[in-house]
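Asker: Sharing a structure here in structure tokens format.
The values are calculated or read from the model by the stated rules, or taken from the named source; none is laboratory data. For clarity, every value in this text was computed on a predicted model and none was experimentally measured. Cβ sites come from the backbone with ideal geometry, for glycine too, and all protein chains shown count toward neighbours. Ligands, DNA and RNA are excluded from the accessible area calculation, which covers all protein heavy atoms including side chains. Shrake-Rupley method; radii C 1.70, N 1.55, O 1.52, S 1.80 Å.
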Amino acid sequence: MILPGATIGLLGGGQLGRMFAAEAVRMGYKVVVLDPDPHAPAAVHAWRHVQRPWTDPEALQQLVEQTAAITTEFENVPAETLRALAAHRPVRPSADAVAACQDRRSEKAFLNTARVETVAWGAISSPVDLDNAWKAVGGGAAILKTARLGYDGKGQVLVDAPDALEAAFEKLGGVACVLEARVALAREISVMVARGVDGAMATWPVGENVHRGGILHSTVVPSAGGDQLADQARGIAQEIASALEYVGVLGVEFFVTTDGALLVNEIAPRPHNSGHWTLDASVTSQFEQQVRALTGLPLGDTALLRPAAMINLLGDLWAQGEPEWGAALAVPGVRLHLYGKTEPRPGRKMGHLTAMAGSAPEALAAATKAWDALTHRPNGSTTG
Ligand code: ADP
Ligand code: MG
């Protein structure tokens with residue numbers, strides 16, 4: 001076990017890294033962050049911030065010398081970086097587990113091999129694959145996604161006819177893609193699962209997610225789909241974590257289709273936006289759990305303290321100036337999390353709100369009221 005007082009390493013200094021580092025520091029650890037961005041949100045909690053590229057040998061040498069174990073907040077850290085570090089220090093999750101999630105082709109192939117159901121899909125590496133992929137998805141409504149580096153709905157094009165596929169492939173730059181059958185969604189849910197060094201596992205209550213324009217808008221917990229669906233989803237998340245021999249916190253996004261199928265959409269080898277509510281409404285947050293899994297401490301209790309709703313704060317909220325924080329925080333049960341990003345670009349995740357209440361619908365109503373209040377300008381004033 002790597003006990004409080006030790007220094008741990010973190011690859012990536014975005015908001016997930018910031019919330020991880022805050023929890024680690026609270027627990028008495030020091031954190032060294034590797035992120036080339038001088039304004040990385042996690043830097044404020046870092047004992048040291050190494051501002052160098054992911055593959056810089058000197059930076060990796062510093063991490064090895066200064067830390068007892070290393071984790072990541074970012075699935076696109078080159079797998080070679082994780083492998084190089086793993087020769088000297090525990091790296092959790094492993095390079096292999098992270099690599100499996102870096103490419104939608106390997107991710108879906110892994111899931112299907114583990115007998116986890118996904119949408120019908122086909123891999124496209126070059127134009128010769130287009131016909132087969134169209135057949136693989138059953139020839140109806142489809143969605144083309146870049147195999148790598150997509151997030152928040154970026155790198156995706158809807159395709160409704162076979163003759164539109166080639167143009168879509170070109171639009172995405174001719175890079176490796178997957179074509180997915182577009183399914184009718186009854187709901188989207190997600191499960192956060194943690195697995196320790198000893199193989200012990202814990203899942204949190206299932207969250208119900210609403211996306212807007214491909215970006216997560218809100219998560220409500222507990223989900224409304226019933227206990228049976230929730231248990232099934234938690235079971236699948238545990239199977240995935242076991243099959244990956246995963247150590248750390250893993251996010252599993254599911255589709256529930258209108259004909260009742262439960263399909264895994266994608267997996268994330270790190271804490272997940274749909275698990276942010278755990279900071280406020282769970283005994284143990286997903287970020288504390290990541291610290292525990294990394295350091296070999298026992299996993300913490302994942303019980304829900306109160307029904308909760310999380311709403312993301314995107315840069316769009318700044319269009320008319322600084323949001324009305326006071327108005328939002330006047331709503332009972334609401335807590336604010338801001339990530340310290342200075343540039344509020346549209347679609348950029350700047351922070352989130354969590355509301356807690358006696359029931360999930362009441363929590364969502366409170367979070368929505370606070371979110372609405374952020375852009376309410378009394379007397380039509382346009383100044384912040
Ligand atoms: P990202 O990596 O950007 O989160 P996702 O694959 O999760 O990409 O897609 C973002 C959202 O787009 C999903 O949460 C869902 O709302 C919608 N979506 C993606 N793929 C499909 C699909 N095959 N069928 C129906 N909706 C989809
Ligand atoms: Mg997603």
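Asker: Across the range 247-257, in residue order, what do the Karplus-derived ³J(HN,Hα) couplings come to in whole Hz, using 6.51 cos²θ - 1.76 cosθ + 1.60 with θ = phi - 60° and x for Gly and Pro?
Answerer: For the range 247-257, the Karplus curve yields 10, x, 10, 10, x, 10, 9, 10, 9, 10, 7 Hz.
Asker: Accessible area, 1.4 Å probe, largest first: how do Lys341, Lys154 sort?
Answerer: Details: Lys341 40, Lys154 95 Å².
Sorted descending by solvent-accessible area, the residues read Lys154, Lys341.
Asker: Determine the relative contact order of the range 1-107: mean sequence separation of Cα pairs under 8 Å and six or more apart, normalised by residue count, in whole percent.
Answerer: 26 percent
Asker: Within the set of other residues whose C-beta is less than 11 Å from the C-beta of Glu23, count the net charge using Lys and Arg as +1 and Asp and Glu as -1. Don't skip to the end; give the middle numbers.
Answerer: Details: positive: Arg18, Arg26, Arg292; negative: Glu288.
Net charge around Glu23: +2.
Asker: Tell me which aspartates and glutamates have Cα within less than 13 Å of Lys108's Cα, excluding those fewer than 8 residues away on the same chain?
Answerer: Within reach: Glu117, Glu180, Glu253, Glu266.
Asker: Moving on. Residues with amide H under 5 Å of Ser94's amide H, sequence separation 5 or more or different chain, H placed in the peptide plane at 1.01 Å from N; which?
Answerer: Hits under the 5 Å cutoff: Val247.
Asker: Ser282's amide H: which non-local residues (gap 5+, or another chain) put their own amide H closer than 5 Å, with H modeled 1.01 Å from N in plane and none for Pro or chain starts?
Answerer: Result for Ser282 returns Leu305.
Asker: Please compute the length gained on full extension between Met1 and Trp47, using 0.36 nm multiplied by the number of residues separating them and subtracting their Cα-Cα distance.
Answerer: 14.5 nm
Asker: Using the Karplus equation 6.51 cos²θ - 1.76 cosθ + 1.60 (θ = phi - 60°), what ³J(HN,Hα) coupling, rounded to whole Hz, does each residue of the range 71-88 give in order, writing x for Gly and Pro?
Answerer: 3J(HN,Hα) across the range 71-88, in whole Hz: 10, 9, 10, 9, 6, 9, 4, x, 4, 5, 4, 5, 5, 4, 5, 5, 5, 10.
Asker: Next question, about the same structure. Using the Karplus curve 6.51 cos²θ - 1.76 cosθ + 1.60 with θ = phi - 60°, work out ³J(HN,Hα) for each residue of the range 311-321 in order, rounded to whole Hz, and write x for Gly and Pro.
Answerer: 10, 6, 10, 8, x, 3, 5, 8, 3, 9, x
Asker: I want to verify a result. In a Gaussian network model of the chain, Cα cutoff 10 Å, which of these has the top mean-square fluctuation: Thr342, Thr55, Thr278?
Answerer: The residue with the greatest mean-square fluctuation here is Thr342.
Asker: A further question follows. Taking a ≥ b ≥ c as the square roots of the Cα gyration tensor eigenvalues, with a/c under 1.5 meaning rounded and otherwise prolate when a/b beats b/c, else oblate, which class fits the range 186-234? Don't jump to the answer; show the numbers that get you there.
Answerer: Details: a/c = 3.06, a/b = 1.64, b/c = 1.86.
Because a/c hits 1.5 or more and a/b fails to exceed b/c, the range 186-234 counts as oblate.
Asker: If we sort 124-130, 246-252, 343-349 on the protection proxy, mean other Cβ atoms within 10 Å, highest first, what's the order?
Answerer: 246-252, 124-130, 343-349
Asker: What shape does the chain take by its C-alpha gyration tensor, where a ≥ b ≥ c are the square roots of the eigenvalues and a/c under 1.5 counts as rounded, a/b above b/c as prolate, and the rest as oblate?
Answerer: Values: a/c = 1.35, a/b = 1.07, b/c = 1.26.
Here the chain falls in the rounded category.
Asker: For the range 205-355, what does the relative contact order come out to in percent, with C-alpha contacts under 8 Å and a separation of six or more?
Answerer: Numbers: 236 pairs, mean separation 30.1, N = 151.
With pairs under 8 Å counted, the relative contact order is 20 percent.
Asker: Please express the Cα-Cα pair-distance distribution P(r) of the range 111-182 as a list of whole percents, one per 10 Å bin, running from 0 to the bin with the greatest distance.
Answerer: The percentages, shortest bin first, are 22, 57, 20, 1.
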